[in-house]
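Working notes, beginning with the structure itself.
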Amino acid sequence: MKSLIAADVPSAAKRIARRLAPSSSRKMSEIVRFSVSLEDDLLEQFDRYCQQQQFATRSEAIRQLLRDKLTKEAWHGESKDAAGTLTLVYDHHRPQLRDQLMHVQHDHHDLVVSTLHAHLTHDICLEVIVLRGPSRRLQQVAAQLTGLKGIFKGELVMANADSAH
Ligand code: NI
């Protein structure tokens with residue numbers, strides 16, 4: 001009898017959750033457990049990584065790594081609705097660099113949501129450009145900006161804009 005009650009609890013909870021969920025919401029993903037075989041030294045490295053990155057559990061770390069990898073893979077293919085930030089570090093004394101940065105952003109004004117500028121030192125500027133649009137175009141405009149002469153560092157971080165994953 002005890003085990004019957006225990007077995008019934010999760011399904012009752014699911015029924016309630018389904019009733020409470022708005023009809024427009026996405027179907028909740030089922031959590032699936034699986035085991036992985038790997039070398040012990042690799043697992044040690046992974047555990048150190050989890051600790052450094054302050055992941056609550058190994059599962060949390062693996063979820064994030066898988067999502068990152070799969071999302072990046074998807075972006076190489078078709079154009080998905082994406083949002084991203086492009087961080088640029090550059091020397092603002094470099095001739096024409098500021099004008100070129102401005103021109104490229106105006107040429108793609110439909111992708112540029114917002115720009116944040118910080119003066120890091122007397123010479124060096126940091127700019128964070130928020131982008132939104134088809135993933136392929138985001139990568140193209142980021143490459144164009146990062147490739148300008150005088151840019152020390154350019155890094156694009158993208159996320160899917162059409163779903164939570
Ligand atoms: Ni500046």
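Considering each of T85, T121, T71 in turn, give the residue that is over 18 Å from D162 (Cα atoms), out of contact with any helix residue (DSSP H, G or I) (no Cβ under 7 Å at 6 or more places or on another chain) and of a type in the set (V, I, T).
One residue alone meets the criteria, T121.
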Hits in the stretch 106-158 (condition: within 16 Å of the ligand (Cβ to nearest atom) and out of contact with any strand residue (DSSP E or B) (no Cβ under 7 Å at 6 or more places or on another chain)) = T121, H122, L148
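So that you can scan it fast, the table gives a plain yes or no per residue for (1) among the acidic types (D, E); (2) more than 30 Å from S37 (Cβ to Cβ):
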position	(1), (2)
A61	no, no
E73	yes, no
Q96	no, yes
D99	yes, yes
L126	no, yes
R136	no, yes
N160	no, yes
message = What pairs come out if I take residues in the stretch 43-67 that are basic (K, R) and pair them with residues that are assigned to a helix (DSSP H, G or I) whose C-beta lies under 8 Å away, six or more apart or interchain?
response = R58/F46; R58/D47; R58/C50
query = When the residues of the stretch 86-115 are filtered to those that are hydroxyl-bearing (S, T, Y) and in contact (Cβ under 8 Å) with a residue 24 or more places away in the chain, which remaining residue is surrounded by the most Cβ atoms within 10 Å (Cβ to Cβ)?
reply = Y90
Test result for I62, assigned to a helix (DSSP H, G or I), more than 14 Å from the chain's Cα centre (by Cα) and either within 16 Å of the ligand (Cβ to nearest atom) or closer than 30 Å to F46 by Cα (or both) = yes
key: Among the candidates A118, A161, A83, residue that is of a type in the set (A, V, I, L, M) and loosely packed, with under 11 Cβ neighbours inside 10 Å   = A118
key: Failed condition for S59, given (1) modelled with pLDDT under 90; (2) closer than 30 Å to S135 by Cα   = (1)
query = Can you spot a residue in the stretch 78-99 that is more than 16 Å from the ligand (Cβ to nearest atom), in a helix (DSSP H, G or I) and aliphatic (A, V, I, L, M)?
reply = no
message = So, in the stretch 133-165, how many residues would count as being part of a loop (DSSP other than H, G, I, E, B) and farther than 20 Å from K69 by Cα?
response = 4
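The values are calculated or read from the model by the stated rules, or taken from the named source; none is laboratory data. A quick note: this is a predicted structure, and the numbers were derived from the prediction, not measured. Because the Cβ atoms are built from the backbone with ideal geometry, glycine has one as well, and the counts that use them run over all protein chains shown.
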